[in-house]
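Novice: Once you've had a glance at the structure underneath, I'll fire off some questions.
The values are calculated or read from the model by the stated rules, or taken from the named source; none is laboratory data. The shown structure was predicted, so the numbers you read here are calculated from the model rather than taken from an experiment. Please note: Cβ atoms are built from the backbone with ideal geometry, for glycine as well, and neighbour counts cover all protein chains shown. Side chains included, ligands, DNA and RNA excluded: accessible areas come from the protein's heavy atoms. Shrake-Rupley method; radii C 1.70, N 1.55, O 1.52, S 1.80 Å.
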Amino acid sequence: MTDPILSLQDVTFTLDGNAGKVNILKGISLDVAKGETLGLIGPSGSGKSSLLMLMGGLDTATSGTVRALGHDLTAMGEDALARFRLSHMGVVFQSFHLIGTMTALENVATPLELAGLPDAYDRAEAELDAVGLHDRAHHYPSQMSGGEQQRVALARALAPRPDILLADEPTGNLDAATGAAVTDLLFDLSEMHGATLVLVTHSRALAARCGRVVRLADGLISPEKQAEAAE
């Protein structure tokens with residue numbers, strides 16, 4: 001793989017628990033190519049979401065290096081990481097993480113305003129149109145269904161035209177039909193905007209839509225046959 005857009009080298013991640021240190025990730029090395037769609041799967045507690053958060057600079061590796069677009073995220077301070085994410089990354093969470101006191105339009109426009117874009121609201125409107133929510137632009141999250149909220153979150157993540165889109169169980173709180181619709185949007189819009197997509201999922205069907213699947217077990221990348229035998 002030449003010039004990976006994401007590169008993790010011997011990454012560990014340890015947290016302090018009530019009974020002592022807990023080793024979440026135990027030496028992960030992984031490269032992700034520009035334009036790739038990568039699914040991260042594995043049992044609960046295997047480290048999938050932690051790995052995704054390290055890729056986005058939302059957590060800091062205990063050791064090893066995490067590089068994105070050639071930048072060492074492990075060497076950046078919080079302010080530098082926030083600026084980097086604003087310019088280069090979009091994140092979609094299972095629980096939406098919309099600001100309840102803002103309308104859908106304001107939720108999508110806010111990161112664009114923070115990035116200093118003069119057409120923030122025009123672009124936000126266009127992104128809401130793209131996810132089929134033109135008529136819900138002035139509604140608040142409490143006035144929308146879960147599927148609508150997740151579509152707002154997807155519009156917000158993609159509006160800045162990120163190089164990398166990270167999605168953590170994006171359909172986990174949705175029913176099957178709504179989840180399928182959000183999945184279609186996730187892949188279609190990522191491809192349209194040329195974003196590299198990395199997603200965490202428990203769904204084998206969703207993972208199968210990715211160009212590559214990496215299985216984690218007990219904080220390590222599992223060999224294909226071993227992982228299949230364990231499932």
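Novice: Are any residues in the stretch 90-107 among the polar types (S, T, N, Q) and either open to solvent by less than 50 Å² (accessible area, probe 1.4 Å) or touching a Phe, Trp or Tyr at 6+ places or on another chain (Cβ under 9 Å) (or both), and if so, which ones?
Specialist: Once the filter is applied, which keeps residues that are among the polar types (S, T, N, Q) and either open to solvent by less than 50 Å² (accessible area, probe 1.4 Å) or touching a Phe, Trp or Tyr at 6+ places or on another chain (Cβ under 9 Å) (or both), the stretch 90-107 yields THR101, THR103, ASN107.
Novice: Kindly indicate whether any position in the stretch 55-62 is under 20 Å from the mean Cα position of the chain (by Cα) and farther than 23 Å from LEU25 by Cα.
Specialist: Looking for residues that are under 20 Å from the mean Cα position of the chain (by Cα) and farther than 23 Å from LEU25 by Cα, one finds none in the stretch 55-62, hence no.
Novice: Ok, one more. Among the residues of the stretch 168-191, write down those that are touching a residue at least 60 places away in the same chain (Cβ under 8 Å) and aliphatic (A, V, I, L, M).
Specialist: Once the filter is applied, which keeps residues that are touching a residue at least 60 places away in the same chain (Cβ under 8 Å) and aliphatic (A, V, I, L, M), the stretch 168-191 yields only LEU186.
Novice: Return the residues of the stretch 2-41 that are open to solvent by 30 Å² or more (accessible area, probe 1.4 Å) and in contact with a helix residue (DSSP H, G or I) (Cβ under 8 Å, 6 or more places away or on another chain); say none if nothing qualifies.
Specialist: Those that are open to solvent by 30 Å² or more (accessible area, probe 1.4 Å) and in contact with a helix residue (DSSP H, G or I) (Cβ under 8 Å, 6 or more places away or on another chain): ILE24, THR37.
Novice: Here are some residues: LEU154, LEU165, LEU197, LEU186. Which one is in contact with an Asp or Glu (Cβ under 8 Å, 6 or more places away or on another chain), open to solvent by less than 30 Å² (accessible area, probe 1.4 Å) and either not aromatic (Phe, Trp, Tyr) or not in a loop (DSSP other than H, G, I, E, B) (or both)?
Specialist: LEU197
Novice: Also, quick follow-up: Under 21 Å from GLN94 (Cα atoms) and of a type in the set (S, T, N, Q): which single residue out of THR12, THR37 fits that description?
Specialist: Checking each option against the conditions leaves just THR37.
Novice: Give just the number: which of (1) buried (at least 17 other Cβ atoms within 10 Å of the Cβ); (2) of a type in the set (Gly, Ala, Ser); (3) more than 22 Å from GLY56 (Cα to Cα) does SER142 not satisfy?
Specialist: Failed condition: (1).
Novice: Considering (1) of a type in the set (S, T, N, Q); (2) crowded, with 20+ Cβ neighbours inside 10 Å; (3) part of a helix (DSSP H, G or I), say which one THR171 fails and leave the rest.
Specialist: Among (1) of a type in the set (S, T, N, Q); (2) crowded, with 20+ Cβ neighbours inside 10 Å; (3) part of a helix (DSSP H, G or I), the lone unmet condition for THR171 is (3).
Novice: Name the single residue that is nearest to VAL214 (Cα to Cα) among those in the stretch 5-33 being modelled with pLDDT of 95 or more and part of a loop (DSSP other than H, G, I, E, B).
Specialist: ALA33
Novice: Continuing with this model, one more query. Being part of a helix (DSSP H, G or I), aliphatic (A, V, I, L, M), at pLDDT below 90 and open to solvent by 40 Å² or more (accessible area, probe 1.4 Å) is the requirement here; does ALA205 meet it?
Specialist: It is true that ALA205 is part of a helix (DSSP H, G or I), aliphatic (A, V, I, L, M), at pLDDT below 90 and open to solvent by 40 Å² or more (accessible area, probe 1.4 Å).
Novice: For the subset of the stretch 108-128 comprising residues that are open to solvent by 50 Å² or more (accessible area, probe 1.4 Å) and among the small types (Gly, Ala, Ser), which member is nearest to LEU158 (Cα to Cα)? Quick ask: steps written out before the conclusion?
Specialist: Step one: filter the stretch 108-128 for residues open to solvent by 50 Å² or more (accessible area, probe 1.4 Å), giving 113-119, 121-123, 125-126.
Among the residues that remain, those that are also among the small types (Gly, Ala, Ser) are: 115-116, 126.
Details: ALA115: 13, GLY116: 16, ALA126: 11 Å.
Out of the qualifying residues, it is ALA126.
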